[in-house]
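The structure appears below as structure tokens.
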Amino acid sequence: MSPDTRIHRARVLALSLGGLMALAVAVYMTLGAVGSWSFVLSYRGEKLLTILLVAWAVPVSTVLFHVISRNQILTPSIMGFDALFMLIQTLAVFLIGAATVTQWPPVLVFLGELTAMVAFSTLLFRWLFGRIAQSLELLLLVGIIFGVLFRSVAGLLQRLIDPGEFLVLQDRLFASFSGADPQVLAMSAALVAAASLWAIWRLPAIDAMILGRDGALAVGVPHRRMTAEVFLIVTLLVAAATALVGPITFFGLLVANLAYRLLPGAPLRLTLPLAGLLGALLLVGAQVVLERVLGFTGTVGMVIEFLGGLLFILLLIERAR
């Protein structure tokens, strides 16, 4: 596909997805609305902003992670972010109790989870990539091992806590787009915006990372420093989204690979907006179906995990061939 054809196709896709997105937002904001419009628009508007933040942060972080890992099957979740979130929630309920945890200020909980996830990824990167092996492959392998460890410890503790408290914990472990505290939402939006602007500023250099280490160095891009920058951007985006709504393991994988299929070989300046539009359309549309058709019988996260898990298996089979 020539560059001109790719740009034309990107514009057509952007207009089409943008139109569908506007329709989905209008349906979500108005369908089934009763009572005061000021209350309805305010309530649904906060939930919509939460959905859009996650729909942008998770796919964009996945695409950027694919650039530095040079593997379109891996996702940031493979580094143990989701497992660490589960372990933090489980430890809090196990050590302190569900009654106390539910009374904590949402801002304090958000900042604690965010700090823990960012600190974990930063220490892991500096320890392995910076000092020991300078190998991203080893970094990914250790991330997988830590993820398994966190899930195993969390699973053990979940079997030891009281069944009533486990129900409270289980509710906190599923991704939910409702009930986000306005202060937490504002902090998450600021963090996602800052990380996104940082990525946009460094986009030409990040694009060069697709060439690999030797190719990036050949065009004057410091590969090691850019890998650290992209890794930190990915960490901030994933941590903000996960601390805001909870883990959605396969959402980024699903949206990123849809973007790759619709616009193969495109540069990041085209792929990232397309991934954001696809993510927003998928999440808003799924939320409309969940709330207005199914009557809240289930969660969006469960549907996304199911579809993403199927895609993950198909990608593994395709890679094996």
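The values are calculated or read from the model by the stated rules, or taken from the named source; none is laboratory data. Note that the structure is a prediction, hence the values are computed from the model and not measured. Ideal geometry is used to build each Cβ from the backbone, glycine not excepted, and the neighbour counts take in all protein chains shown.
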How many residues are in a helix (DSSP H, G or I) and in contact (Cβ under 8 Å) with a residue 40 or more places away in the chain when one looks only at the range 64-98? 23
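Yes/no per residue for (1) assigned to a helix (DSSP H, G or I); (2) out of contact with any Asp or Glu (no Cβ under 9 Å at 6 or more places or on another chain); (3) surrounded by 15 or more Cβ atoms within 10 Å (Cβ to Cβ):
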| position | (1), (2), (3) |
| --- | --- |
| Q170 | yes, yes, no |
| A186 | yes, yes, no |
| L191 | yes, yes, yes |
| A195 | yes, yes, yes |
| A205 | yes, no, yes |
| A228 | yes, yes, yes |
| L236 | yes, yes, yes |
| A259 | yes, yes, yes |
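Please enumerate the residues belonging to the range 112-127 that are in contact (Cβ under 8 Å) with a residue 60 or more places away in the chain and surrounded by fewer than 22 Cβ atoms within 10 Å (Cβ to Cβ). Talk me through it step by step, then tell me what you get.
Going through the range 112-127, the residues in contact (Cβ under 8 Å) with a residue 60 or more places away in the chain turn out to be 113-114, 117-118, 121-122, 125.
Selection gives E113, L114, V118, T122, F125.
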For the range 123-142, check the following and say yes or no: at least one residue is part of a helix (DSSP H, G or I) and at pLDDT 80 or above. no
Can we say A239 is without any contact (Cβ under 8 Å) to a residue 24 or more places away in the chain and under 22 Å from T50 (Cβ atoms)? no
Given the options S36, S69, S42, S61, name the one that is among the small types (G, A, S) and touching a helix residue (DSSP H, G or I) at 6+ places or on another chain (Cβ under 6 Å). S61
Here the residues within the range 26-59 that are β-branched (V, I, T) and at pLDDT 85 or above are T50, I51, V54, V58
Kindly indicate which of F150, F177 is under 30 Å from P273 (Cβ atoms), modelled with pLDDT under 85 and within 22 Å of the chain's Cα centre (by Cα). F177
